[in-house]
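Peer 1: Below is one structure. I have some questions about it.
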Amino acid sequence: NIYTRIMNPTSDVLEKRVAAMEGGIGALALASGSAATTYAIMTICEAGDNIISTSTLYGGTYTLFAHQLPRFGVEVKFGDHKKIDDMARLIDSKTKAIFCESIGNPAANVVDVPKMAKLARKNGIPLIVDNTVPSPYLFRPIEHGADIIVHSLTKYMGGHGTTIGGIIVDSGKFPWAEHKRKFSRLNTPDPSYHGVIYTEAMGDAAFIGAARVVPLRNMGAAISPFNSFLILQGIESLAVRMDRHCENA
């Protein structure tokens, strides 16, 4: 563990636990769900790129996509999750990802993740799924073709209203090295980190490794280790709480 902004023993336990719950190769815990969404996109996007997103989103995510990312040169094109063909027409040569929420917050709309995953894979781009609402106890998007998962750990995973946190989970299944030109940041030497080529140095974990040492290391939305501890405490009762939520619903 080099430095707590980049990694920490307590946060490492949280990362490994959530990665196991989602079925991913690795994870990166962050200060909030908003940080997780932002860093997941910034790891692969730069000025001039765009992403495709469903239009039914958590308000904070919509504001990030509609107003903040465009100021940094990243366009977000919104589409109706029920009209996959219309979303497909939004994709162009500069599209770097498709983003959706598995269950929308607060609309509670259910996205067809397998269809979204098929569209993403057909176009050689990853599907990023915000899985905050169902949690991995009810739904595991990686099993349905998603490549990257983000969470606000503040909600059901933490469960007690004591803590803010977020996390990115990497499935380890997207073939970054097969798309060298589109994802050049993962496939060419990074002068900001000793000239490393992430796909060569980290293999299937190239994305999550780059997320740790580029946006997190340089912009610093690090989770407090104590918050990681509190979220781990919350995860202990996740199954019981989610069963009760479902009964109440």
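Peer 1: If you check GLU143, GLU101, which single one turns out to be touching a residue at least 40 places away in the same chain (Cβ under 8 Å), buried (at least 23 other Cβ atoms within 10 Å of the Cβ), under 30 Å from ILE235 (Cα atoms) and not aliphatic (A, V, I, L, M)?
Peer 2: One residue alone meets the criteria, GLU101.
Peer 1: For the stretch 107-138, give me each residue that is surrounded by fewer than 18 Cβ atoms within 10 Å (Cβ to Cβ) and among the hydrophobic types (A, V, I, L, M, F, W, C).
Peer 2: Of everything in the stretch 107-138, those that are surrounded by fewer than 18 Cβ atoms within 10 Å (Cβ to Cβ) and among the hydrophobic types (A, V, I, L, M, F, W, C) turn out to be ALA107, ALA108, VAL110, LEU138.
Peer 1: Given (1) over 30 Å from ILE125 (Cα atoms); (2) loosely packed, with under 12 Cβ neighbours inside 10 Å; (3) at pLDDT 95 or above; (4) not hydroxyl-bearing (Ser, Thr, Tyr), identify the lone condition not met by GLU178.
Peer 2: (1)
Peer 1: If you go through the stretch 120-156, how many residues are under 22 Å from ILE231 (Cα atoms) and assigned to a loop (DSSP other than H, G, I, E, B)?
Peer 2: 10
Peer 1: Here's a follow-up. Restricting attention to the stretch 179-192, which residues are part of a helix (DSSP H, G or I), touching a residue at least 24 places away in the same chain (Cβ under 8 Å) and more than 21 Å from the chain's Cα centre (by Cα)?
Peer 2: Within the stretch 179-192, SER192 is the sole residue that qualifies.
Peer 1: Considering every residue within the stretch 21-34, establish whether at least one is among the hydroxyl-bearing types (Ser, Thr, Tyr) and without any contact (Cβ under 8 Å) to a residue 12 or more places away in the chain.
Peer 2: no
Peer 1: Looking at the stretch 148-171, can you tell me whether even one residue there is within 19 Å of the chain's Cα centre (by Cα), of a type in the set (Ser, Thr, Tyr) and within 23 Å of PHE78 (Cα to Cα)?
Peer 2: Looking through the stretch 148-171, at least one residue is within 19 Å of the chain's Cα centre (by Cα), of a type in the set (Ser, Thr, Tyr) and within 23 Å of PHE78 (Cα to Cα).
Peer 1: Is one or more of the residues making up the stretch 187-196 buried (at least 24 other Cβ atoms within 10 Å of the Cβ) and either modelled with pLDDT of 95 or more or closer than 22 Å to ILE41 by Cα (or both)?
Peer 2: no
Peer 1: If ILE148 meets every condition in (1) surrounded by 15 or more Cβ atoms within 10 Å (Cβ to Cβ); (2) over 17 Å from THR132 (Cα atoms); (3) touching a strand residue (DSSP E or B) at 6+ places or on another chain (Cβ under 8 Å) apart from one, which number is that one?
Peer 2: ILE148 satisfies every listed condition except (2).
Peer 1: What residue, of THR162, THR199, is closer than 18 Å to ILE235 by Cβ, out of contact with any Pro (no Cβ under 7 Å at 6 or more places or on another chain) and not small (Gly, Ala, Ser)?
Peer 2: Residue meeting the stated conditions: THR162.
Peer 1: Quick check, is THR63 among the β-branched types (Val, Ile, Thr), at pLDDT 95 or above and surrounded by fewer than 17 Cβ atoms within 10 Å (Cβ to Cβ)?
Peer 2: yes
Peer 1: Then there's this: Quick one: count up the residues across the stretch 217-241 that are closer than 16 Å to VAL18 by Cα and either out of contact with any helix residue (DSSP H, G or I) (no Cβ under 7 Å at 6 or more places or on another chain) or part of a helix (DSSP H, G or I) (or both).
Peer 2: Going through the stretch 217-241 one residue at a time, the tally reaches 14.
Peer 1: For GLY209, are the conditions met, namely being surrounded by 19 or more Cβ atoms within 10 Å (Cβ to Cβ), over 19 Å from the mean Cα position of the chain (by Cα) and assigned to a helix (DSSP H, G or I)?
Peer 2: no
Peer 1: Considering each residue of the stretch 230-249, count those that are farther than 13 Å from GLY159 by Cα and touching a residue at least 12 places away in the same chain (Cβ under 8 Å), and give that number.
Peer 2: Of the residues in that region, 1 qualify.
The values are calculated or read from the model by the stated rules, or taken from the named source; none is laboratory data. As the structure is a computational prediction, the values presented were derived from the model and not from experiment. When we count neighbours, we look across all protein chains shown, and the Cβ atoms used for this are built from the backbone with ideal geometry, even at glycine.
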